[in-house]
Ligand code: CP3
């Protein structure tokens, strides 16, 4: 499936951005940077906007979701927006009873931990999402409309409300779409809520492999369609969050989880954009020749040091690394040709600036071994983070990451 000519990748607005180039393995004028959970409680403007609105209601309000997505792009001048939503939104959209409790996370009215409960879920056709995901499409469209407009009008690079600048080519800031990986969603579904060790999921995969497979296939299609919706609506990259995969052994990950994650990604792998080569390559005059490229995909999990190679092996462009494994070590594990994203310990954001600055420079130094590096945290921004520190980190990465 070829993305529409108006898609920011097809139109060229984001296809040469620092972020998209890095996900393709190319370095540009400097290292791109964004932060997981950049949209959210660290920002006073977010807290103001959210007063009186429940989390999932905010996700399904296109104007609010779009505004929240844009807030950190305006404020920090990061190289990407990450769509404001949640990994459980597709479940909500097909009628699963779920809410997000502040300070706790997603909570279901029951746990889906045996074959009978799983059968209740799989009785729902995941394709139903395509009829109920209108608010997602609209929120993405509103978001990229603003990101694109600022780029097209140009000259606003230095305006304080600028959200569109990013690349050296006057392009627009790309939007990253995301979805939860099947295992991470199954970890919440089987337990009925957040858990530490994800015991219910790990038990079900061995106690009833048939029910487990059915749950994973269903979840893969649902979350894959959620990701596809965002890309079709205008997202320029896609990140699959398998946040809790680190709870698994390598053998269990490969046998019981990786195939479902690959299936989820199959819903975006067939999406391509047509672009024209800017420069002749290999001496041949390829200028102006149209080529098709896949939408870049990133795969991230927490505590996944043992799984990095397997996670990179399911067909992704870039591997996201948490703060436990230095990027040069991660590069040796996933393979020298693979771009990396990460991995400043979020705890350092609360350290004195000289300590934080040294840590940022160290992440950049180690990330230099990969073909390309997207600076990020090793997990999400803590809610109590001083947002001015994040802005300062962006400035430092852009200055110190310049080749
Ligand atoms: O900037 C961003 O990263 C934007 C959007 C985003 C949210 N959730 C918003 C959110 C993303 C990418 C997610 C994904 C998500 N949600 C993951 C994968 C990423 C990760 O952190 O590992 C997971 C595991 C969830 C499930 C979830 N939702 C949790 C654990 C929580 C935190 C509960 C809490 O209050 O501490 C949520 C709620 C949530 N998702 C919030 C936000 C901004 C907080 C809700 C609030 O503001 O009250």
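For the range 177-215, list residues with backbone N below 15 Å from a point placed 7 Å from the Cα of residue 110 toward its Cβ?
Only 189-193 pass the distance filter.
For the range 337-353, list residues with backbone N below 18 Å from a point placed 7 Å from the Cα of residue 369 toward its Cβ?
Hits in the range 337-353 for residue 369 at 18 Å: 337-345.
May I ask what percent, to the nearest 5, of DSSP beta bridges between residues of the chain are antiparallel?
30 percent
Could you tell me how many degrees, from 0 to 90 and to the nearest 10, lie between the Cα long axis of helix 182-191 and the main elongation axis, the longest principal axis, of the Cα atoms of the chain?
Relative to the chain, helix 182-191 is tipped by roughly 40 degrees.
Just to confirm the number: angle between the C-alpha axis of helix 134-153 and the first principal axis of the chain, 0 to 90 degrees, nearest 10?
10 degrees
Rounded to the nearest 500, what is the 222 nm mean residue ellipticity of the chain from helices alone, with -39500 (n - 2.57) per DSSP H run of 4+ residues and division by all residues?
Details: 17 runs with 175 residues, N = 403.
Taken over the chain, the calculation gives -13000 deg cm²/dmol.
On a 0 to 90° scale, report how tilted helix 387-400 is relative to the longest principal axis of the chain, with both axes built from alpha carbons and the result rounded to the nearest 10.
Tilt relative to the chain: about 50 degrees.
Starting from the Cα gyration tensor of the range 76-133, take the square roots of the eigenvalues, sort them a ≥ b ≥ c, and report rounded, prolate or oblate (rounded when a/c is under 1.5, otherwise prolate if a/b is larger than b/c, else oblate). Could the numbers behind the result be given before it?
On the way: a/c = 3.02, a/b = 1.62, b/c = 1.87.
Cα axes put the range 76-133 in the oblate bin.
Taking a ≥ b ≥ c as the square roots of the Cα gyration tensor eigenvalues, with a/c under 1.5 meaning rounded and otherwise prolate when a/b beats b/c, else oblate, which class fits the range 215-354?
On the way: a/c = 1.85, a/b = 1.27, b/c = 1.45.
It is oblate, given that a/c is not under 1.5 and a/b is not larger than b/c.
Residue separation times 0.36 nm, minus the C-alpha to C-alpha distance between residue 132 and residue 41: what's the value? Spell out each step's value before the answer.
Values: separation 91, 0.36 × 91 = 32.76 nm, distance 2.75 nm.
Going from the current span to full extension adds 30.0 nm.
Determine the gain in length on full extension of the stretch residue 391-residue 309; use 0.36 nm per residue of separation and subtract their C-alpha separation, reporting nm with one decimal. Numbers along the way, then the final one.
Working: separation 82, 0.36 × 82 = 29.52 nm, distance 3.22 nm.
My answer for the length gained is 26.3 nm.
Please report the relative contact order for the range 18-400, taking Cα pairs under 8 Å with a sequence separation of at least 6, and give it as a percent rounded to a whole number. Intermediate results must be reported in sequence, preceding the final value.
Numbers: 769 pairs, mean separation 74.8, N = 383.
It rounds to 20 percent for the range 18-400.
Given a cut-off of under 8 Å on Cα pairs at least six residues apart, what relative contact order in percent is computed for the range 32-122? Mind showing how you got there, number by number?
Details: 78 pairs, mean separation 22.0, N = 91.
Relative contact order comes out at 24 percent.
Can you give me the Cα centroid spacing of the range 209-279 and the range 98-156 in angstrom?
Their Cα centres are 14 Å away from one another.
Starting from 0.36 nm per residue, how many nanometres of slack lie between residue 206 and residue 119 once their C-alpha separation is accounted for?
Working: separation 87, 0.36 × 87 = 31.32 nm, distance 1.73 nm.
Result for the pair: 29.6 nm of gain on full extension.
Read the figures in this text as sums done on the coordinates, not as results from a lab. Keep in mind the model is a prediction, meaning the values are calculated, not measured. Neighbour counts run over all protein chains shown; Cβ positions are idealised from the backbone, glycine included.
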